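Contents: one structure, followed by commentary.
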Amino acid sequence: MENQIIAYLERHFVPLAGKIGSQRHIKAIRDGVLSTVPFVIIGSVFLMIACFPVAAFGNFMTELFGKTWNKYLLYPVDVTFGLMAVIACAVIAYKLAESYKTDGISAMGIALTCFMLLIPIKDGLLTAKWYGSAGLFTAMLTAIVATEIFRYFAQKGWTIKMPEGVPPAVARPFAAMLPAGAAIVVFLLVRALFENTDYGTIFEFITKFLGKPLAIAGNSLPGVILTTFTSCLFWSLGVHGNSVVNPIMDPTWYSLMDANRMAFQAGLDLPNIVTKQFIDNFIQLGGSGATLSLAVMMLFFARSSQLKSLGKIAIWPGLFNINEPIIFGMPIILNPVMIIPFILSPIAICVLTYIAMSLGLVAKLNGIAIPWTTPVLISGYLTTGNISGLLMQAVGILVSAFIYFPFFKLWDKKMLAEEIGGE
């Protein structure tokens, strides 16, 4: 029965997941959102220092530099977080154009121009609010549509062609003029259309009809359980689950993260439980499937030579949330025994952590972004600024160990029997 289920999933779900993961628009969105991560992490370092959760440190810095010592540290925070949509728009356009083998630089410039064209003007200035996470969905759509217009013109040959011998650096801007003009006209009409509605801007429209429903789903317990289940299911079938789920959900999780960051920076109550750090640092303890406890069990409790050797290899990357050695070496993929705890373990951790944070037993995520490779326990403290975050991760490791243990013993017994039988 188990083999029949695996065969059915392999036959029907693996091809679908492969198509989703390799779809050019989804790949471009994934690359665009990921391109913001280094800047967000840099900004988070400044935010961490400016709001370090130790009173003695704050008092020391105040005595040394004065009461406004952290004002200058917050400037990079506002810039790095505040340009998320702009950076994502540029990279999405570039990557999408690149996939069509057209001019990525021109596509990037056109997409940014169209995005800026949509931003409302107040007191003679573009509204800065939409440069950041609030404008992320609009930036993604703008990059895709503007690049598709550019690509269509390029493939049809509707461009201004310069004589032979003209340097490419000179010819490229002229070739982009007609596609740029067409894209600008399209987005100008979009802006004019929404200015004559009750929404006022396309940003408000998308926020209401796309951003808010996704935010509700992404910040709800059923929503995060579903995304966790989907990601782990794809992993267990040999498909990179994060590559399927993250391009869809990352814009929502980053927006929720930024909302917490702004509340934390302002000294207000944190509004959201689920953020990008909730997924990366509290559910995926040791990587997808929460396999850190499994690596520890293989290292110390395995009787079979194969699993004990794998434990020695897997424990070190596992400490940094890298678990491909376990997924492909144990293996987890298409393994009817280990798929069950691989899916159940992160879901159980998700439920417990969500409930603990909603009840106030564990501090919520403060919006500080850290690399997903930050070791467990350290990441729990940094992302909450509270010892309760560290303790919650420790509880999560114990819960995953409890779930994995009987399945691990069963698989270890099977491996040992094969080794003895092969002698």
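Modelled label positions at LEU398 and GLU324, each set 7 Å beyond Cα in the direction of Cβ, lie 3.4 nm from each other.
Sorting LEU73, LEU47, LEU361 by the number of Cβ atoms found within 10 Å of their own Cβ, with the fewest placed first, yields LEU361, LEU73, LEU47. Only the Cβ atoms of Lys and Arg (+1) and of Asp and Glu (-1) were treated as charged; on that basis the dipole of the chain about its Cα centre amounts to roughly 260 debye. Taking every C-alpha pair closer than 8 Å and separated by at least 6 residues, the mean separation divided by the residue count of region 95-144 gives a relative contact order of 34 percent.
Sequentially through region 347-356, phi angles give Karplus couplings (6.51, -1.76, 1.60; θ = phi - 60°) of 5, 4, 4, 4, 4, 5, 5, 4, 5, 4 Hz, Gly and Pro residues having no value and appearing as x. Of the Cα atoms belonging to region 64-153, the radius of gyration and Dmax stand at 16.2, 60 Å. With each label modelled as a point 7 angstrom along the Cα→C-beta vector, the LYS409-VAL45 pair spans 4.6 nm. Among GLN306, GLN155, GLN393, the residue with the largest mean-square fluctuation in a Gaussian network model of the chain, with springs joining Cα atoms closer than 10 Å, is GLN155.
Taking the charge dipole of region 2-217 about its Cα centre, with +1 at Lys and Arg Cβ atoms and -1 at Asp and Glu Cβ atoms, the residue from THR138, ALA128, GLY58 reaching farthest to the positive side is THR138.
Between the labelled values (1) -0.78, -0.94, -1.30; (2) -1.04, -1.13, -1.30; (3) -0.92, -1.04, -1.24, the entry that holds log10 I(q)/I(0) by the Debye sum over Cα atoms at q = 0.11, 0.12, 0.14 Å⁻¹ as derived from this structure is (3). For the chain, averaging the sequence separation of C-alpha pairs within contact (under 8 Å, six or more residues apart) and dividing by the residue count gives a relative contact order of 15 percent.
Annotation: the residues TYR72, TYR152, sorted from fewest to most other C-beta atoms within 10 Å of their own C-beta, follow the order TYR72, TYR152. For the chain, modelled as a GNM whose springs connect Cα atoms under 10 angstrom apart, the maximal fluctuation among PHE278, PHE65, PHE194 occurs at PHE65. When the C-alpha to C-alpha distance is required to be over 25 Å, the pairs from LYS308/LYS364; LYS276/LYS409; LYS27/LYS101 that qualify are LYS308/LYS364; LYS276/LYS409. For the chain, the mean residue ellipticity at 222 nm estimated from helices alone is -23000 deg cm²/dmol, where every DSSP H run of n ≥ 4 contributes -39500 (n - 2.57) and the total is divided by all residues, rounded to the nearest 500. The slack between ASP123 and VAL185, meaning 0.36 nm per residue of separation minus the straight C-alpha distance, is 19.9 nm.
Could you state the angle between the C-alpha long axis of helix 241-266 and the longest principal axis of the C-alpha atoms of the chain, as a value from 0 to 90 degrees rounded to the nearest 10? Taking the Cα atoms of the chain, the angle to 241-266 is about 80 degrees. Look at the dipole of region 252-392 built from charges on Cβ: of TRP316, LEU285, GLY385, the Cα furthest out on the positive end belongs to TRP316. Mind telling me which of ALA369, ALA111, ALA128 comes out most flexible in a GNM of the chain, alpha-carbon contacts under 10 Å? Per the Cα network of the chain with a 10 Å cutoff, ALA128 tops the list.
If only the Cβ of Lys and Arg carry +1 and only the Cβ of Asp and Glu carry -1, the dipole of region 2-217 around its Cα centre is close to 280 debye.
The numbers here are math on the coordinates, done by the rules we state, and not lab data. Just so you know, these numbers come straight off a predicted model, no measurement behind them. A quick note on method: Cβ atoms are made from the backbone with ideal geometry, for glycine too, and the neighbour counts reach across all protein chains shown.
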